[in-house]
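Readers should treat all values here as calculations from the given coordinates under stated rules, not as data from a laboratory. In this text the structure is predicted, and so the values were computed from the model without any measurement. FYI the Cβ positions are ideal-geometry reconstructions off the backbone, even for glycines, and counts take in every protein chain you see.
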Amino acid sequence: MSEKTVRVELDARSYPIHIGSNIWEKHLLPLTAKAEVVLIADDNVAEQAWFVPLREKLAAGAAKLVFLQVAAGEKTKNLTVFANLCSSLAQAKISRRGKIVAVGGGVVGDLAGYLAASYLRGISFIQVPTSLLAAVDSSVGGKTGVNLPEGKNLVGAFYQPSAVIVELEFLKTLPSRELAAGTAEVVKYGIIKAPNFFELVKNGMPEDLSRVIEKSVSIKAEVVANDEREETGLRAILNFGHTIGHAIEQTAGYGNWLHGEAISVGMIGAAWLSHRLVGLPLSVVREIHAALTANQLPVAISDLQFEQLAPVIAVDKKSTGKAVKWVLCPELGRTVQSTEVPEDILREAIEICAGRKEF
Ligand SMILES: NC(=O)c1ccc[n+]([C@@H]2O[C@H](COP(=O)([O-])OP(=O)(O)OC[C@H]3O[C@@H](n4cnc5c(N)ncnc54)[C@H](O)[C@@H]3O)[C@@H](O)[C@H]2O)c1
């Protein structure tokens, strides 16, 4: 199968994203040869058959290999686990030349990335995303960090990996619910930037995920290259559906809904707001709804309440001063940002997200 490479262009911090089948050895082993390597994975990933040769071959080529296993799930992305990992690196005497290899989904990637950003004020790290969400989104762009009890991703750093290696063979063991969750971000890229790509994925993902991943990371790479630290507002377009989505994740408690599932419902809300406020045709709102459904994603969560979500939305970290910055979509492929979302229209959107309002 052919291999693809997309580059994230960030001057000295530029890096490649390699996508393909049976490519990991070719790309990972030269980067880790004779190095002090810290391999981080969660319990589920560590028990996959493909993980054994990965670990063994890394160990064989490295000067030293430290393997750190964390519990699977969003709850692991916290400051206590982070501090324990820092101590493990210090105890293993990992030097500034150490390299962290994060193998797993977005949880391990965000946590290991923040560890790489912080330990000895920054050591190199390589992302090997093994969930679809991590492959198309979280492994690219340099956002790393952990959650606080007060909210998701409240502590972290912008810190770019030195390479991203998307091994399609690893993705094959991903549970189907997790695979579906990853498609939410894929559909999002189509909505915000690429109407033709939306057409490609609106009836479900094509068999060959390499095209989907390549297009998704190309869009993300372009956005990140133009606004690495979310300063100009361009990168914020990636947050379409995330304002309500994050509030759902938080009010439903970490872990009840997968990130992609919450974002799916959040995108329904954002599509409705876009219809009411910036003229997105109702037919397109329905198309987005159909596309998410076709990709086995939830499009409503029945117990959502405005009274619960609104206060959480108000403290969303993307807030600018007092006003929340919403990403809206006037037509497929184009976004605008607005702080003007009247309360009654937000109520409507949440009624739709709860499945209580027809449209
Ligand atoms: N940094 C960013 O820019 C960014 C962007 C989006 C999301 N995120 C973060 O990503 C996280 C969600 O990522 P996720 O959806 O990958 O969740 P995750 O890391 O929890 O992985 C999902 C589940 O799949 C398992 N898994 C992963 N790969 C597997 C494989 N190949 N085979 C079998 N099991 C496998 C994991 O063990 C886990 O149980 C959230 O914390 C979210 O905040 C970060």
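Between the stretch 323-344 and the stretch 146-169, what is the C-alpha centre distance in whole Å? Using only Cα atoms, the two centres lie 26 Å from each other. Cross-link pairs exceeding 32 Å in C-alpha to C-alpha distance, out of 4/93; 4/99; 99/220; 215/325; 26/143, comprise 4/93. Helical content alone sets the calculated 222 nm signal of the chain at -13500 deg cm²/dmol, taking -39,500 (n - 2.57) per DSSP H segment of four or more residues and averaging over every residue.
Return the loop-located trypsin sites (Lys or Arg not before Pro) in the stretch 208-306 (DSSP other than H, G, I, E, B) with at most 12 other Cβ atoms within 10 Å of their own Cβ; answer none if there are none. Answer by residue number: 229.
Relative contact order for the chain: 15 percent, from Cα pairs under 8 Å spaced at least 6 residues apart, divided by residue count. Between residue 278 and residue 344, the modelled labels are 2.3 nm apart [label points 7 Å from Cα along Cα→Cβ]. Among 204, 194, 296, whose Cα sits farthest toward the positive end of the charge dipole of the stretch 176-353 (+1 at Cβ of Lys/Arg, -1 at Cβ of Asp/Glu, about the Cα centre)? The listed residue farthest towards the positive side: 194. Spatially, the stretch 265-311 and the stretch 25-52 are offset by 39 Å when compared through their Cα centroids. Spatially, the stretch 78-128 and the stretch 208-263 are offset by 22 Å when compared through their Cα centroids.
Which GluC sites (Glu not before Pro) from the stretch 116-212 combine a DSSP loop assignment with at most 15 other Cβ atoms within 10 Å? Filter output for the stretch 116-212: 150, 207.
Remark: C-alpha extents of the stretch 228-359 on the principal axes read 34, 32, 29 Å, sorted largest to smallest.
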